[in-house]
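The values are calculated or read from the model by the stated rules, or taken from the named source; none is laboratory data. For clarity, every value in this text was computed on a predicted model and none was experimentally measured. Cβ placement follows ideal geometry from the backbone for every residue including glycine, while neighbour counts extend to all protein chains displayed. Remember, those area values only see protein heavy atoms, side chains included, never the ligands or the DNA or RNA. Shrake-Rupley method; radii C 1.70, N 1.55, O 1.52, S 1.80 Å.
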Amino acid sequence: MKKVVCLLGSPRPHGNSATLARHFLAEAERLGAAVTAFPLNTLSYRGCQGCYACKTRLDHCILQDDLAPVLAAVAACDILVLASPTYYGEVSSQLKAFIDRTFSFLVPDYVTNPRRSRLAPGKAAVFVLCQAHPDETAFADIFPRYSFFFRWYGFTESHLIRCCGVRDAGEVAGRRVALDLAVATARRLLSAAP
């Protein structure tokens, strides 16, 4: 059974990125995946402290806060879904703080080591991004930028589910193209799963 972990980066529980991500998760669950979702805004955690304990003394992040079990779940998953609204041309601060903490996934000599990650290779990442700006060329750099870093962690494939021009909570529910893409992406990743 494939393990799917979803990080809901929106502060709005029923915001557009959360709604679109849950559409993906419902299909993944229907296809037999074990699904776990973490609404990051409900957790108490800090961003990376730059202490380098994960590179000098430990093989994991030294911080013991609400993000510790999330990082462990991500390390054990097969598919990671990162869902976020676009705020000021970037992912939400809730998701960005998580991403910064993934520095602990890198081995101490990650700069020169061809095997940069402590994680098992072969994972898939799914980015669910929503933005109020209707222009699809605006903020299109988010997905390739973060896909680059997640490849370092062993995520051998990345997929984008994106919806532009949605602002009000739940507005994405009326965007059939985005909803269909969420379902199609789940099927693509899980249809061959045992």
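As a test, work out the antiparallel percent of DSSP beta bridges whose residues both lie in the chain, rounded to the nearest 5.
Once the DSSP bridges in the chain are tallied, antiparallel ones form about 10 percent.
For the pair GLN64 and VAL111, how long in nm is the line joining their label points, each one 7 Å along Cα→Cβ?
Spacing of the two 7 Å Cα→Cβ label points: 3.1 nm.
Å³ per residue of the Cα convex hull, for the range 1-97?
101 Å³
Please list 3J(HN,Hα) in residue order for the range 33-50, calculated via the Karplus relation 6.51 cos²θ - 1.76 cosθ + 1.60 where θ = phi - 60°; whole Hz, with x for glycine and proline.
Values, residue by residue: 6, 8, 10, 10, 10, 10, x, 4, 5, 8, 9, 10, 7, 10, x, 4, 9, x Hz.
Between LEU160 and SER191, how high is the FRET efficiency from 1/(1 + (r/R0)^6) when r is the Cβ-Cβ distance and R₀ = 25 Å? Nearest 0.05.
Efficiency at R0 = 25 Å is approximately 0.85.
Whole-Hz ³J(HN,Hα) for each residue in the range 155-164, computed from phi via Karplus 6.51 cos²θ - 1.76 cosθ + 1.60 with θ = phi - 60°, x for glycine and proline: what do you get?
7, 6, 9, 10, 10, 10, 10, 10, 9, 9
Return the equivalent ellipsoid semi-axes of the range 112-190 as a descending list in whole Å, where each equals the square root of 5 times an eigenvalue of the C-alpha gyration tensor.
Calculated on Cα positions only, the semi-axes equal 28, 16, 8 Å.
Given C-alpha coordinates of the range 61-125, what is the ratio Rg to Rh with the Kirkwood estimate of Rh?
Value, to two decimals: 0.98.
Please state, as a whole number in µm²/s, the translational diffusion coefficient that the Stokes-Einstein equation yields for the range 40-194 at 37 °C and 0.692 mPa s, with Rh defined as the Kirkwood radius across alpha carbon pairs.
195 µm²/s
Taking the Cα-to-Cβ direction at GLN49 and at ARG167 and moving 7 Å from each Cα, how far apart do the two end points lie in nm?
Output for this residue pair reads 4.0 nm.
³J(HN,Hα) across the range 169-175 via Karplus (A = 6.51, B = -1.76, C = 1.60, θ = phi - 60°), whole Hz, x for Gly/Pro?
For the range 169-175, the Karplus-derived couplings read 3, x, 4, 5, 4, x, 9 Hz, x marking Gly and Pro.
Give me the 1.4 Å probe accessible area per residue for the chain, excluding ligands and nucleic acids, in Å².
Averaged over the residues of the chain, the accessible area is 48 Å².
Given the -39500 (n - 2.57) contribution per DSSP H run of 4+ residues, what per-residue ellipticity at 222 nm results for the chain, rounded to the nearest 500 deg cm²/dmol?
-9500 deg cm²/dmol
Which stretch or stretches of the range 164-184 have amide N atoms under 11 Å from the point lying 7 Å from HIS14's Cα along the Cα→Cβ direction?
The answer is 169-171, whose backbone nitrogens lie closer than 11 Å to the label point.
Separation between the ARG151 and VAL177 pseudo-spin-labels, each 7 Å from Cα along Cα→Cβ, expressed in nm?
2.7 nm
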